[in-house]
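Novice: Handing you this structure, nothing more for now.
Where a number appears in this text, it was derived from the coordinates with a stated rule and is not lab data. Everything numeric in this text was worked out from a predicted model, so none of it was measured. Reconstructed Cβ throughout: ideal geometry from the backbone, glycine too, with neighbour counts over all protein chains shown.
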Amino acid sequence: MNILVCIKQVPGSNKVDVDAKTGVLKRDGVESKMNPYDLFALETAFRIRENRGGKVTVLTMGPPQAEAVIREAFMMGADDGALISDRKFGGADVLATSYTISQAIRKLGSFDLILCGKQTTDGDTAQVGPEVAEYLDIPHVANVLRIVELKEDALILDMDMPHTVEMVEVLYPCLLTVEKDIFMPRLPSYRRKLETSAWPVKTLTFADFEDQDVMKYGLNGSPTQVERIFPPAVNAQREMLRGEAEELAAEVSTKLVHLKLI
Amino acid sequence: EEERATVDKSQWKGICVYVDHVDGEIHPVTMELLGKARELADQVNFPVHALFIGSQVTDSAAELLHYGADKVYCYDDPALKDFRIEPYAAAFEDYIRKVQPSSILVGATTVGRSLAPRMAARFRTGLTADCTVLEIKENTDLVQIRPAFGGNIMAQIKTPHTRPQLATVRYKVMNALPRKAEASGEVIVCTVPQEKMVSRIKVLEVRPKEKETSISDAETIIAVGRGVKGEKDMAMVEELADLLGAQIAGTRPLVESGWLDTRRQIGLSGRTVKPKLIITLGISGSVQFAAGMKSSDYIFAVNCDEKASIFDIAHYGIVGDLYEVLPELIRRIKMEKEA
Ligand SMILES: Cc1cc2nc3c(=O)[nH]c(=O)nc-3n(C[C@H](O)[C@H](O)[C@H](O)COP(=O)(O)OP(=O)(O)OC[C@H]3O[C@@H](n4cnc5c(N)ncnc54)[C@H](O)[C@@H]3O)c2cc1C
Ligand SMILES: Cc1cc2nc3c(=O)[nH]c(=O)nc-3n(C[C@H](O)[C@H](O)[C@H](O)COP(=O)(O)OP(=O)(O)OC[C@H]3O[C@@H](n4cnc5c(N)ncnc54)[C@H](O)[C@@H]3O)c2cc1C
């Protein structure tokens, strides 16, 4: 079984600041980590490998320092990994990111199963998985809660729907986005750290891809444009009530009656 | 950035809402999106479309004409009974090719979050996730505002060169129009060839989730946080909730302590709620919590710390000790109800 897991490097905290003058995110000096939701995808891959044998490859797209998440995945148990990095890929939105990832996957070989996290903690769109599946022309199942059974040619899964849980069977090759808590992720191991520290990490660049149309990558290949970013608004119309508990309670109940809430 | 070609926007007309449903039962986010679509469409003289994909759905399709849709495009086929990505995407693609809508709004449900990105990639166009504000420019570009970084920042996004423009919106963010007594508009039945109805996915079983009284649908919520010191104090909270006919919900720490069921967690990693009234008791108002409740109609917050950030989003901030305020409030409300 050939399994690929897509992982992303994200800021260590999502408490970001916006530069009031330039309206740009202040990312300098912010620590990075692996997107926490991707840990669940990785763990799912390891469990499937334990059951069916095979190989787990990890793939990330980002600046050169994103190699760190590949190394971290090695320490947890990944067998192989590649970094997609090129200046031409900068400023990519979901569409360009997904297209770039799909080109890299085609370059790396063929996979029976591709796993993604549910979403990231920065861009937070939950769209990359399904778009990658579209470009690879394979089915996907999102919001996978549980793996029910691993068959020779298919997976049986529970998928989370608003009011129901659907059990579906999907043939390989396919892509899944897994819910958090599908399995408890393991910690990186020190022994694996020593074993893997000299492993090379392949870097894939624009030159490696079959599709050499620059207009499909990075900012050029991104149909969405972020016009501005700003901190969430605070409510200016609030009314503050202070005083003894008795007065406060009286005021609140009067307001509730007045607003027809009781 | 190199010069990029822009589509002829005049060839793309109308605002479409994808009808989210299971077995023909329409998810209310659909009506909310129709309300928004109507408002946007009226500004640029566009029609509002609803796209209904399923099996035996044509009968319920007419209902959408009471909520602002001018045309309901209905793909009704036994092969579309359960949601499977390839046939649903094939029907969706067929609609886009034939009708060329300018914008498509999709509920951010499991199905919507699967289908919308598929369509965006297929048509190489933009998709903006979880929009909280949608406006439209004269040139028919959408102005899309969405939270990112877990609600810590907002981004304004546009899709200026391609069509259709796609956006997902969570449930309880937009407002539905009241149901019109009279239906206006038409239902258009469409078909796709059977060879496009094949799938590599088989739905084996659909089971209802444990019947829960979902906090997402509650009109009134009492939300508790770490200001509540002991599990026994929940009795007092329950008394208030009973008086107001409210559901009890809370912050993540309370769920982690086991005092509340996970399904009662409000916030980024919990549920989004939009009740008429929410009273928060001893909640600091972290961005992760606020992300799940800040569009409530009326927020009353009780907190002893004047600087608590819950007061930034509350309509009424009550600075006080909940252990003093709550018993008084219960007494008062009982009086009001007896009066
Ligand atoms: C404030 C802000 C708002 C944005 N809003 C939008 C928007 O609405 N629409 C849009 O098209 N773009 C948007 N973007 C750009 C978008 O976030 C990036 O293109 C990002 O690279 C991919 O999206 P994501 O982080 O949302 O990933 P998600 O779709 O949330 O990620 C899901 C899974 O895909 C995999 N994955 C995601 N990224 C990578 C990667 N780089 N390498 C390997 N695997 C990966 C992981 O398994 C991950 O768990 C926004 C960016 C910012 C800063
Ligand atoms: C990725 C991520 C996702 C998260 N998702 C969620 C989520 O979905 N939902 C969520 O809730 N949290 C979430 N959190 C946690 C969140 O950051 C906060 O830690 C949490 O919301 C705080 O809960 P709280 O307000 O109950 O507790 P605290 O922050 O400890 O606040 C307690 C408040 O009670 C007040 N208080 C104390 N005693 C009294 C009294 N006697 N009378 C009146 N007031 C009193 C205090 O002044 C204080 O403001 C998430 C965190 C992360 C990192």
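Novice: Within region A:104-143, count every residue that is touching a residue at least 40 places away in the same chain (Cβ under 8 Å) and surrounded by 20 or more Cβ atoms within 10 Å (Cβ to Cβ).
Specialist: Number satisfying all stated conditions: 19.
Novice: On to the next question. When region B:284-306 is examined, which residues are found to be buried (at least 19 other Cβ atoms within 10 Å of the Cβ), farther than 20 Å from A:D17 by Cα and among the aromatic types (F, W, Y)?
Specialist: Matches in region B:284-306: B:F300 only.
Novice: Same structure, new question: Quick check: anything in region A:185-205 facing chain B (nearest Cβ under 10 Å) and either over 30 Å from B:T128 (Cβ atoms) or surrounded by fewer than 16 Cβ atoms within 10 Å (Cβ to Cβ) (or both)?
Specialist: No, because not a single residue in region A:185-205 is facing chain B (nearest Cβ under 10 Å) and either over 30 Å from B:T128 (Cβ atoms) or surrounded by fewer than 16 Cβ atoms within 10 Å (Cβ to Cβ) (or both).
Novice: Looking only at region A:206-262, filter to residues that are closer than 30 Å to B:T6 by Cα and among the hydroxyl-bearing types (S, T, Y); which one of those is farthest from the other protein chains (Cβ to nearest Cβ)?
Specialist: Once the filter is applied, the top-ranked residue is A:Y217.
Novice: May I ask you to list the residues in region A:9-20 that are within 13 Å of ligand 2 (Cβ to nearest atom) and among the polar types (S, T, N, Q)?
Specialist: A:S13, A:N14 - these are the residues of region A:9-20 that are within 13 Å of ligand 2 (Cβ to nearest atom) and among the polar types (S, T, N, Q).
Novice: Please go through region B:320-339 and give me each residue that is at the interface with chain A (Cβ under 8 Å from one of its Cβ atoms), within 16 Å of A:E244 (Cα to Cα) and surrounded by 19 or more Cβ atoms within 10 Å (Cβ to Cβ), ordered by number.
Specialist: B:G320, B:V325, B:E328, B:L329, B:R332
Novice: A:L261 passes all but one of (1) closer than 30 Å to B:A246 by Cα; (2) in contact with a Gly (Cβ under 7 Å, 6 or more places away or on another chain); which number fails?
Specialist: (2)
Novice: When residues of region B:263-295 are filtered for being part of a loop (DSSP other than H, G, I, E, B) and either among the basic types (K, R) or more than 26 Å from B:E210 (Cα to Cα) (or both), how many remain?
Specialist: Residues that pass the stated criteria total 9.
Novice: Does B:Y298 fit the bill of being over 25 Å from the mean Cα position of the chain (by Cα), away from ligand 1 (no atom under 16 Å from the Cβ) and hydroxyl-bearing (S, T, Y)?
Specialist: no
Novice: Considering only region A:92-198, give the helices (runs of 4 or more DSSP H) lying wholly within it that have at least 2 residues that are β-branched (V, I, T).
Specialist: A:94-108, A:128-136
Novice: If you check A:E166 against the conditions, is it facing another protein chain (nearest Cβ under 10 Å) and under 30 Å from B:F311 (Cα atoms)?
Specialist: Answer is no for this residue.
Novice: Working carefully through the options A:G23, A:G54, find the one that is of a type outside the set (A, V, I, L, M, F, W, C), within 29 Å of A:L157 (Cβ to Cβ) and more than 16 Å from ligand 2 (Cβ to nearest atom).
Specialist: The conditions single out A:G54.
Novice: Could I ask something else about it? Tell me, please, whether a residue that is under 30 Å from A:M61 (Cβ atoms) and of a type in the set (A, V, I, L, M) can be found in region A:234-250.
Specialist: Taking every residue of region A:234-250 in turn, none turns out to be under 30 Å from A:M61 (Cβ atoms) and of a type in the set (A, V, I, L, M).
Novice: Further, regarding this structure: Identify, please: which residue in region A:37-90 is part of a helix (DSSP H, G or I), among the charged types (D, E, K, R) and within 14 Å of ligand 1 (Cβ to nearest atom) and is, among those, farthest from A:I3 (Cα to Cα)?
Specialist: The selected residue is A:E67.
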